[in-house]
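Beneath this line is the structure, given in structure tokens, with notes to follow.
The values are calculated or read from the model by the stated rules, or taken from the named source; none is laboratory data. Quick caveat, the model's predicted, so the values are computed rather than measured. Methodologically, a virtual Cβ is constructed for each residue, glycine included, from the backbone with ideal geometry; neighbour enumeration extends over all protein chains shown.
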Amino acid sequence: VIRGPAAASYGANAFLGVINILTRADEGGTRAGVMVGAGERSYRELNARVGAAGEAGHWRLSVGQRADDYYEADDYGTVADDLRDQYADGRGDWFINDTDTLSVMGGVANTRLDDDIDAGLTYPVKVQSGYGQVVWQRVYESGAETRLSYNYTQQSYGDLLDLGGAPLDLGFSTQRQNLTAAWNVSAGPSVRAALGAEYRMDEVESPFYYNQVEPIRENSWRIYGNGEFRLAPEWLVNAGAMLESTHVGRREFSPR
């Protein structure tokens with residue numbers, strides 16, 4: 001956990017802090033499992049997972065569904081918030097050789113939830129989302145690392161409001177694509193550095209909110225570098241900077 005701005009090392013979204021989460025890889029041969037859950041207010045969930053690991057790599061696949069009817073009429077009157085969620089995701093990691101690893105992951109989710117306009121008047125909202133990522137990583141004996149990754153995320157929000165007249169489409173859809181290259185290098189025990197570059201394309205489409213049929217696109221890029229210098233056992237100095245550009249042509253320089 002890193003408190004404070006860290007855009008020079010982690011990108012424009014790291015303006016308040018950074019939480020870095022490292023997940024465990026699947027190991028230990030073939031595995032399979034089923035989870036069933038149930039609770040108050042009609043909560044229920046079912047999840048199945050299978051995976052395998054070997055010398056060439058490891059993979060896993062999980063599918064599931066969950067639902068609830070949380071608010072009941074005798075608690076808050078007629079409140080619509082019923083949820084139905086179906087999802088699937090998977091990941092595979094292949095050891096190309098002693099230094100190179102290729103990882104592929106992705107998932108989809110379909111959600112249906114009820115929304116309410118007034119007591120007794122409800123309509124369904126449908127949300128579809130998905131993601132995919134491909135990562136190539138090379139780790140050297142010195143501890144240096146090269147990483148190339150591409151990821152894609154999308155979400156569509158189907159919100160068709162029908163009050164008995166002409167239906168009003170309140171829905172929208174978003175997409176994001178990222179292409180990233182990063183290098184972590186070491187020059188002895190006292191100097192380490194992280195260098196990187198990223199290209200990103202964002203797209204949003206909503207005739208209702210933006211009053212146009214064509215999608216709105218934004219292309220941006222950034223490059224960054226950060227160095228760590230161990231001056232003495234009790235003294236550590238970090239310095240870095242990031243240069244980024246957005247669709248409006250402005251370039252911003254962020255030192256750290």
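If you go through region 93-150, how many residues are in a loop (DSSP other than H, G, I, E, B), at pLDDT 85 or above and either aliphatic (A, V, I, L, M) or touching a His at 6+ places or on another chain (Cβ under 6 Å) (or both)?
Total satisfying the criteria: 2.
Okay, residues lined up against (1) closer than 30 Å to VAL135 by Cα; (2) of a type in the set (Ser, Thr, Tyr); (3) at pLDDT below 90:
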{"site": "GLY165", "(1), (2), (3)": "no, no, yes"}
{"site": "GLY171", "(1), (2), (3)": "no, no, yes"}
{"site": "TRP183", "(1), (2), (3)": "yes, no, no"}
{"site": "ALA197", "(1), (2), (3)": "yes, no, no"}
{"site": "ARG200", "(1), (2), (3)": "yes, no, no"}
{"site": "GLU203", "(1), (2), (3)": "yes, no, no"}
{"site": "TYR209", "(1), (2), (3)": "no, yes, yes"}
{"site": "GLU244", "(1), (2), (3)": "yes, no, yes"}
{"site": "VAL248", "(1), (2), (3)": "yes, no, yes"}
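What number of residues within region 222-256 are part of a loop (DSSP other than H, G, I, E, B) and exposed (fewer than 14 other Cβ atoms within 10 Å of the Cβ)?
Looking only at that region, the number is 6.
Out of everything in region 174-209 that is free of Cβ contacts under 8 Å to residues at least 40 places away in the same chain and of a type in the set (Ser, Thr, Tyr), what residue ends up being farthest from GLN137 (Cα to Cα)?
Ranking the qualifying residues of region 174-209, first place goes to TYR209.
May I ask you to list pairs of residues, at least six apart or on different chains, whose Cβ atoms are under 6 Å apart, with the first in region 145-157 being within 15 Å of VAL104 (Cβ to Cβ) and the second being among the aliphatic types (A, V, I, L, M)?
Final answer for the pair search is ARG147/ALA182; LEU148/ALA181; SER149/VAL135; TYR150/VAL134; TYR150/LEU179.
Considering only region 171-216, state which residues are over 19 Å from the mean Cα position of the chain (by Cα), part of a strand (DSSP E or B) and of a type in the set (D, E, K, R).
ARG192, GLU205 - these are the residues of region 171-216 that are over 19 Å from the mean Cα position of the chain (by Cα), part of a strand (DSSP E or B) and of a type in the set (D, E, K, R).
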